[in-house]
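Q: The structure follows.
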């Protein structure tokens, strides 16, 4: 017979794993949209760097893309997409 604590721990583990997976998919889709925005705004260097990082090391690429996106959000008029707190 399976103990209740084991079942509860297994359920929480599965739920948190699914939550992490859903969050990761949303972050990665926004990351790809930001890479497309780099090329659309003719920031080829940033686009190539982030595209290479998407294949090689996604977490580092996400951080680089977020920083570059936040720095250029005012100039590109993408404050709603980047959710900047600055006016």
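The values are calculated or read from the model by the stated rules, or taken from the named source; none is laboratory data. Bear in mind the structure is a predicted one, so any value in this text is a computation, not a measurement. Cβ placement follows ideal geometry from the backbone for every residue including glycine, while neighbour counts extend to all protein chains displayed.
Q: Residue 42 versus (1) at pLDDT 85 or above; (2) surrounded by 13 or more Cβ atoms within 10 Å (Cβ to Cβ); (3) over 19 Å from the mean Cα position of the chain (by Cα): which is the lone unmet condition?
A: (2)
Q: Given the residues 48, 35, which is the only one that is surrounded by 10 or more Cβ atoms within 10 Å (Cβ to Cβ), modelled with pLDDT of 85 or more and in contact with a helix residue (DSSP H, G or I) (Cβ under 7 Å, 6 or more places away or on another chain)? Explain how you work it out, then say what you get.
A: Values: 48 fails: in contact with a helix residue (DSSP H, G or I) (Cβ under 7 Å, 6 or more places away or on another chain).
The match here is 35.
Q: Can you tell me which residue within the stretch 51-62, out of those that are within 16 Å of residue 36 (Cα to Cα) and surrounded by 11 or more Cβ atoms within 10 Å (Cβ to Cβ), is modelled with the lowest pLDDT? Reasoning before the result, please.
A: Filtering the stretch 51-62 for residues within 16 Å of residue 36 (Cα to Cα) gives 51-55, 58, 61-62.
Subsequent filtering for residues that are surrounded by 11 or more Cβ atoms within 10 Å (Cβ to Cβ) retains 51-54, 58, 61-62.
Details: 51: 86, 52: 88, 53: 84, 54: 80, 58: 72, 61: 81, 62: 83.
Ranking the qualifying residues of the stretch 51-62, first place goes to 58.
Q: Go through (1) closer than 19 Å to residue 80 by Cβ; (2) in contact with a helix residue (DSSP H, G or I) (Cβ under 8 Å, 6 or more places away or on another chain) and name the single condition residue 26 misses.
A: Every condition holds for residue 26 apart from (2).
Q: Shifting gears a bit: Restricting to the stretch 64-87, and then to whatever is surrounded by fewer than 13 Cβ atoms within 10 Å (Cβ to Cβ) and within 17 Å of residue 26 (Cα to Cα), can you tell me which residue is modelled with the lowest pLDDT?
A: Only one residue fits best here, namely 83.
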